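Okay, structure first, notes after.
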Amino acid sequence: MNQELKYLLNKIGIENFIEAQKFDIPSDLANIDIQIKKCDRCILSQSRKMAVPGEGPISAKLILIGEAPGENEDEVGKPFIGVSGELLNKMILAMGFKRDEVFITNIVKCRPPNNRNPNEDEIIICSNFLEMQLQALTPKLVIAFGRIAAQSLLNTNKPLAKLRAVIHDSPKFGLPVLCTYHPSYLLRKPEEKRAAWEDLKLAMKFLAQ
Ligand code: SF4
């Protein structure tokens, strides 16, 4: 069941129903990008400059997911640029990949005003796009960066400290998910880089299997 449709039906009090029609899932990322760029399904469309669908090859075996675009990303329409993007690039290289070999995106595709956290409504409404991207890609592993991405992918309220350092199965997407600290957090708390590196080593071990 499409997550957005289920959410909207629940909002109007319909919990049990027969799914009459399947959504068309675009098989190519370019088509999904077009839909994201013209999307106005949630309030974030009113304040964004550019939607940020994500980038990377359809053959990517590793998908990296943050919570939402920030100010720099909103200006140019690309995920993880600026100083946190530079740290992410180093983390990607440390895992033995080039940036253009992995797919990088966010839980919500438009910047929340003043970089606030995306709220539950925005996350649920936008999850349809992430669902489409994950169906178009065939990843071996998803890495969730930060609490919002981790909790959203794993459908839990547990703190990130209790979610990292383990490979989970995402109940939402049926994919292996590793959670670790967001590069922005690591810039503020460099003492946690060692723990993040342990998480990345676990990812490398899993991908090598
Ligand atoms: S955040 Fe997602 S649902 Fe909201 S307007 Fe942007 S693309 Fe659409």
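Points to keep in mind about this one:
- Against the test of being within 15 Å of the ligand (Cβ to nearest atom), β-branched (Val, Ile, Thr) and within 21 Å of Ile92 (Cβ to Cβ), the options Thr180, Thr105, Thr138 yield a single qualifying residue, Thr105.
- Yes/no for Ile107 being touching a helix residue (DSSP H, G or I) at 6+ places or on another chain (Cβ under 9 Å) and free of Cβ contacts under 8 Å to residues at least 60 places away in the same chain: yes
- Within the range 97-132, the set of residues being of a type in the set (Asp, Glu) and farther than 27 Å from Leu207 by Cβ comprises Glu120, Asp121, Glu122.
- If the condition is being more than 12 Å from Leu175 (Cβ to Cβ) and in contact with a strand residue (DSSP E or B) (Cβ under 8 Å, 6 or more places away or on another chain), then the range 104-145 contributes Ile104, Thr105, Asn106, Ile107, Phe145.
- Here Ala60, Ala68 are screened, and the one residue that is within 15 Å of the ligand (Cβ to nearest atom), assigned to a loop (DSSP other than H, G, I, E, B) and among the small types (Gly, Ala, Ser) is Ala68.
- Checking each residue in the range 26-64 for being touching a residue at least 24 places away in the same chain (Cβ under 8 Å), exposed (fewer than 13 other Cβ atoms within 10 Å of the Cβ) and over 29 Å from Lys140 (Cα atoms) picks out only Ser47.
- For the range 71-100, residues that are surrounded by fewer than 23 Cβ atoms within 10 Å (Cβ to Cβ) and part of a loop (DSSP other than H, G, I, E, B) total 7.
- For the range 144-153, the count of residues that are within 12 Å of the chain's Cα centre (by Cα) and under 19 Å from Phe97 (Cα atoms) is at least one.
- Considering each residue of the range 167-181 in turn, at least one proves to be at pLDDT 95 or above and closer than 26 Å to Met50 by Cα.
- Some residue of the range 48-56 being more than 11 Å from the ligand (Cβ to nearest atom), out of contact with any strand residue (DSSP E or B) (no Cβ under 6 Å at 6 or more places or on another chain) and farther than 30 Å from Ala208 by Cα: yes
The values are calculated or read from the model by the stated rules, or taken from the named source; none is laboratory data. Quantities reported herein were computed from a predicted structural model and do not represent experimental measurements. Glycine also receives a Cβ, built like all others from the backbone with ideal geometry; neighbour counts cover every protein chain displayed.
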